[in-house]
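To start, the structure under review is shown below, and the notes come after it.
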Amino acid sequence: MIEINFKNAGKVKVEKGTTILEALEKIDMEIARRTIAAEIVSGQEGNGEGRIVDLNSTLEKDSIFNVITTDDHKKAIDILNHSTSHIMAAAIKKVFPDAKFAIGPAIKDGFYYDFETSSNVTTESLPVIEEEMKKIIKADYKFIRNEIEKDEARKIFKDNPYKLELIDEIKDEKVSIYTSGDFTDLCSGPHIPSTGMVKAFKLLSIAGAYWRGNEKNKMLVRIYGTSFFSKEELKKYLERIELAKRSDHRKIGKDLDLFSFHDEAPGFPFFHPMGKELVNIILDYWKEEHEKEGYMEISTPIILSNKLWKTSGHWDNYRENMYFVKIDEEDYAVKPMNCPGTIIVYKSNQHSYKELPIRIAELGLVHRHEKSGVLHGLFRVRSFTQDDAHIFCTEKQVEDEVSGVISLIDRIYRVFGFEKYYLELSTRPEKRIGTDEMWDKAENMLRSAIESKELDYIVNEGEGAFYGPKIDFHIEDCLGRTWQCGTIQLDFAMPEKFDIEYMGEDNARHRPVMIHRTVLGSIERFIGILLEHYSGNLPPWLAPRQVIVLPISDKYRSYAEKVYNYLKSNGFRMEIDNRVESLNKKIKQAELRKIPYMIIVGENEERTGTVTVRKKIGGDIREIELEDFTCQIRNIVESKEKTY
């Protein structure tokens, strides 16, 4: 007999060869029913600690596990979605027998599978595939895992060039396959115990995708879907998706005439007058907050010599994301980041320990090469303004400086209406500069700074910048979606590569530590997030046009202009609609433009010297004194309230 300890379920003694699921059923059938996989703590040979395994795995020695139930949403939903992608592939094989499958991972909010077929796959194919999936789910086939020799796997997938390529890349002598019903796939797992655990799913869309994301490879069909443990969860998700479609920043940007994209410059946004006004409102606030925190603003060139990028490490670690140009037969690059330019500014003068920390900010325009297939409105562009800042400080000052940046980010996010955000500590990537000692020190310092603020965080192994570990801030919008915006990166390597120094109290030269940080990230992307978060109904302090004056008819134009001039002189962003149109038409257009306040003036208002206010959100105010209304909205704007 062997002892199996499920840390969050209990202990049990079982015979060797018992499955994890059978062991769980001996402890508690209800927990077993809700469990979809198990995470190894210790005791399983050949499986590292923290690895998630199937419940159908057999037990051969004393072991400790954490069970993953349907309540453990993040881990469980990924396994469910990956399993549902296999069910979809099995269904596709029945509808399109010649289908050759590539990869089918779980992704954020769902899954996809890429495949090749000679048939024409359209949106009309999705309900047909869904019906086949329902049959497979109803049959409740077990997901059975087998480890086989590579040569045997090559025989099974001999007609599938994509699987053969994947098999060749696997370093182990054996590979794992999964069978459910009559469908077998190459996969490392894990999977849910059986197809019947899928309670609610929906196929969402079809797209084209190059194999391995390389446009030189064959274009495959990609079907996206999503899966949940209950119909209620699926219903809520589909409602969110529908709301997100209505709140798409690309549509809002067009409706409000904020920005556009054109074939003459794919991936490069054109900001229109109202959009540029919104950019300036955001940046004016950003500058106010940074001035309070002691930042000095600079501007550096967009094009810099290749020699600089070789020194910084970008040439070896980031070159595929950069644009290059020749000037007078010399090689230059369009900057993808602002940090090397800031270092040149720092090196322009000698510095003393008395000056540190030195906080230098730059709203720098950067360019990064993105493939056309991933461009997406303002969310994924080829040029954007990074709200960068770099702090040069001593090692002793690092924790206080990082803590100060966290406080600044928190304050700014709350003003914009993002009350919830999550932190990730991203550690050293495989491709990096600097010594292990530098990375150990930097990672420990960032961890200490987060913990001193008593903030929760997760560790994102191997996802740091090539020059240092980082804290990433993920804001949550009103639809529950998260967006990575701010970042704090701690860098010991670049100061050494550029040989930057300061004169210490001991009159000796010392190396400063460099903190790279952004608050909003890409200004363009942040605007896209804001537009979707508020469905275009921006708070009055952010709206490019805060008030529009609507005379009932041309007869009251003179009074309307008096109101307009008074409010404009009080600093509000104003418009007046003097067109010879019906009031209803003017109101409808102002509503479509999402202007927070409409002031309607007619006979009563002119006679009493008042205004009638129609708010975009929150009802009307009848015949209010203009001075009173001015005070009300001034308080709302100056306090940056999110409500009207």
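Look at the Cα gyration tensor of the range 259-356: its axes a ≥ b ≥ c give a/c of at least 1.5 with a/b at or below b/c, and that counts as oblate.
Simple rule: put +1 on each Lys or Arg Cβ and -1 on each Asp or Glu Cβ in the range 485-596, find the dipole, and look at 489, 507, 587; the Cα lying farthest toward the positive end is 587.
Computed about its Cα centre, the charge dipole of the chain is approximately 1760 debye, with only Lys, Arg, Asp and Glu carrying charge at their Cβ. Going down the table (100/236; 138/231; 11/138; 171/216), which pairs top 22 Å between alpha carbons? In this structure, 100/236; 11/138; 171/216 lie more than 22 Å apart at Cα.
Take the Cα of residue 454, go 7 Å toward its beta carbon, and the backbone nitrogen atoms of the range 411-440 under 18 Å from that spot belong to 411, 421, 423.
Charge dipole (Cα centre; +1 on Lys/Arg Cβ, -1 on Asp/Glu Cβ; no other charges) of the range 56-176 amounts to roughly 220 debye. In this view, the solvent-accessible surface of residue 331, computed with a 1.4 Å probe and all protein chains in place, comes to about 80 Å².
The alpha carbon radius of gyration of the range 415-559, expressed as a multiple of 2.2 N^0.38 Å, is 1.54. Put simply, the amide H of residue 68, placed in the peptide plane, has neighbours under 5 Å in 36, 37, 38, 39, leaving out anything fewer than 5 places away on its chain. Summary value for the range 425-471: 68 percent relative contact order, contacts being C-alpha pairs under 8 angstrom separated by 6+ residues.
When the residues 394, 311, 84 are ordered by accessible surface, computed with a 1.4 Å probe over the protein chains alone, the sequence from largest down reads 311, 394, 84.
Take peptides 544-550, 169-175 and line them up by average Cβ neighbours within 10 Å, highest first, as a rough protection proxy.
544-550, 169-175
Highest-first packing order for the peptide set 553-565, 86-98 is 86-98, 553-565, based on the mean count of other beta carbon atoms within 10 Å. Each residue was assigned an accessible area with a 1.4 Å probe, and for residue 414 the value is about 90 Å².
Would you mind computing, in nm to one decimal, how far apart the modelled labels at residue 179 and residue 199 are, each placed 7 Å from Cα along Cα→Cβ? My value for the distance between the label points is 3.1 nm. According to the Cα-based calculation, Rg over Rh for the range 369-464 is 1.01, with Rh computed by the Kirkwood formula.
Working note: Karplus 6.51/-1.76/1.60 with θ = phi - 60° gives the range 106-122 the couplings 7, 10, 4, 6, x, 7, 8, 9, 9, 8, 10, 8, 7, 7, 8, 9, 10 Hz, where Gly and Pro are set to x.
Per residue of the chain, the DSSP helices (runs of n ≥ 4 H) give a summed -39500 (n - 2.57) that works out to -10500 deg cm²/dmol at 222 nm. Only alpha carbons enter this Debye calculation for the chain, each as an equal point scatterer, and the log10 of I(q)/I(0) it gives at q = 0.08 Å⁻¹ is -0.79. When only Cα pairs below 8 angstrom with a gap of at least 6 residues are kept, the range 423-516 shows a relative contact order of 29 percent.
Sorting the segments 189-198, 372-381, 441-450, 634-643 by their mean number of nearby beta carbons within 10 angstrom, highest to lowest, gives 189-198, 441-450, 372-381, 634-643. Remark: the range 200-208, residue by residue, has Karplus-estimated 3J(HN,Hα) of 7, 8, 7, 7, 9, 6, 10, 9, x Hz, where x stands for each Gly or Pro and the curve is 6.51 cos²θ - 1.76 cosθ + 1.60 at θ = phi - 60°. Under the criterion of Cα pairs below 8 Å and six or more residues apart, the relative contact order for the chain equals 8 percent. Dipole orientation for the chain: of the candidates 386, 367, 256, 256 has the Cα lying most toward the positive pole (charges on Cβ; Lys, Arg +1; Asp, Glu -1). Between the Cα long axis of helix 273-292 and the first principal axis of the chain there is an angle of about 80°, rounded to the nearest 10. Which of rounded, prolate or oblate describes the range 573-644 when judged by the alpha-carbon gyration tensor and an a/c cut-off of 1.5? Oblate, since a/c reaches 1.5 and b/c is not below a/b.
The values are calculated or read from the model by the stated rules, or taken from the named source; none is laboratory data. This one's a predicted model, so the numbers in the text were calculated from it and none came from an experiment. Note that we place each Cβ from the backbone using ideal geometry, even for glycine, and neighbour counts take in every protein chain shown. With ligands, DNA and RNA removed, areas are computed over all heavy atoms of the protein, side chains included. Shrake-Rupley method; radii C 1.70, N 1.55, O 1.52, S 1.80 Å.
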